[in-house]
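Here's the structure we're looking at; comments come further down.
The values are calculated or read from the model by the stated rules, or taken from the named source; none is laboratory data. Here the structure is a predicted model, which is why all the values come from computation and not from measurement. Cβ placement follows ideal geometry from the backbone for every residue including glycine, while neighbour counts extend to all protein chains displayed. Only protein heavy atoms, including side chains, enter the accessible area calculation; ligands, DNA and RNA are left aside. Shrake-Rupley method; radii C 1.70, N 1.55, O 1.52, S 1.80 Å.
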Amino acid sequence: MHKVFMSYSHKDEELRNELGSHLAALRRQGLISDWYDREILPGEVLDEKISDKLLEADIVVLLVSADFIASNYCYEREMSVALQRHKDNEAVVIPIILRDVDWHSTPLGKLNALPTDGKPVMMHGNQDAAFADVARGIRRLVEQKFGSSPDATVKASAPVKPDEIRFDQPRSANLAIKKTFTDHEKDSFTKDSFEYIFRLFAGSLAELGKRYSEITSSIEQIDSRTFVAIIYRSGQKVSFCQIWYGKGSFATREISYSETPSSMGNSVNDSLSVVDDGHTLRLKALMSGFGGPQAEDEMTQQGAAEYLWSRFIAKLQ
């Protein structure tokens, strides 16, 4: 049984709990035992217990988000020790990207992350599918690197009674149940979505300039909730937009898009509102198809960013 240490920000505790549920099959098959700081008993010394568990782990899972990177304890202490142990071949470090953040510029950028291709869990339409992908990745590591394979015939130790659960019985994959998202989760999703849109615009403008010599651009973050982007062709302004959230007369959780300078809070060409179906948070466009591209009914952060970019670049196409 291989020991797994989980390093995470307490602000991501709900996502850590979801991952823990998805690792249940690995635990039942005796492949891993996972530990996180909520298992520290009353009276135990926090730092000592965490240090002991981190140093004895075979696998260190880092649950990466903006809050993880902002946490001195997670980033400076736990991650630093974990990466040194990884470098010394004493343990394997697996970054698991929970929410979109600029993690490629950190020391973690050299490592292969989960879910596949480092796509953040929160950007998947189905978070169960994202965590299942993570669990499969950890299974592959355990089986291939450590030479372990699961027992295909795990059974209860005592005779099974009619009202007991047997772990070797088939089960449905349809086990997701609805949940209620908190205001904090919705506000964080709005903030993360806005930041993702800014990064997509910045990266796309940079690439546009590389591909077309007559194109120049500028993008300026006015404050933490507002940015302005402009495209010039041969020095002439051909497209302008400003994007903001939580300001003016519009709802806090709306991301507003305007092609009119200095219109913030007065008029918009489009806006994105946060919606949920009881399973995941998505974004919905207000003006889809009206003077712009058609949007999906409900979009991921990436889909919403691509939708606004399509509006912005339409004048050049």
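General observations
- Complete set of residues in region 190-199 that are in contact with an Asp or Glu (Cβ under 9 Å, 6 or more places away or on another chain) and either free of Cβ contacts under 8 Å to residues at least 24 places away in the same chain or crowded, with 18+ Cβ neighbours inside 10 Å (or both): 190, 192, 193, 195, 196
- Residue list for region 198-251, restricted to those being touching a Pro at 6+ places or on another chain (Cβ under 9 Å) and of a type outside the set (A, V, I, L, M): 240, 242
- Options 102, 52, 37, 47; residue that is open to solvent by less than 50 Å² (accessible area, probe 1.4 Å) and of a type in the set (D, E, K, R): 37
- Residues of region 118-147 classified as closer than 24 Å to residue 193 by Cβ and modelled with pLDDT of 90 or more, total: 9
- Residue within region 13-25 that is part of a loop (DSSP other than H, G, I, E, B), more than 20 Å from the chain's Cα centre (by Cα) and surrounded by 13 or more Cβ atoms within 10 Å (Cβ to Cβ) present: no
- Residue tally, condition among the charged types (D, E, K, R), in a loop (DSSP other than H, G, I, E, B) and in contact with a strand residue (DSSP E or B) (Cβ under 6 Å, 6 or more places away or on another chain), over region 37-58: 1
- Some residue of region 139-146 being under 27 Å from residue 301 (Cβ atoms) and among the aromatic types (Phe, Trp, Tyr): no
- Odd one out for residue 61 among (1) open to solvent by 10 Å² or more (accessible area, probe 1.4 Å); (2) part of a strand (DSSP E or B): (1)
- Pairing residues of region 217-243 that are under 23 Å from residue 253 (Cα atoms) and free of Cβ contacts under 8 Å to residues at least 60 places away in the same chain with residues that are assigned to a strand (DSSP E or B) and open to solvent by 30 Å² or more (accessible area, probe 1.4 Å), at Cβ distances under 6 Å and at least 6 apart in sequence or on separate chains, gives 227/221; 228/220.
- Total residues in region 98-149, condition free of Cβ contacts under 8 Å to residues at least 12 places away in the same chain, of a type in the set (Ser, Thr, Tyr) and within 20 Å of residue 68 (Cβ to Cβ): 1
- When we screen 168, 192 for residues that are at pLDDT below 90 and either over 15 Å from residue 281 (Cβ atoms) or outside any helix (DSSP H, G or I) (or both), the only hit is 168.
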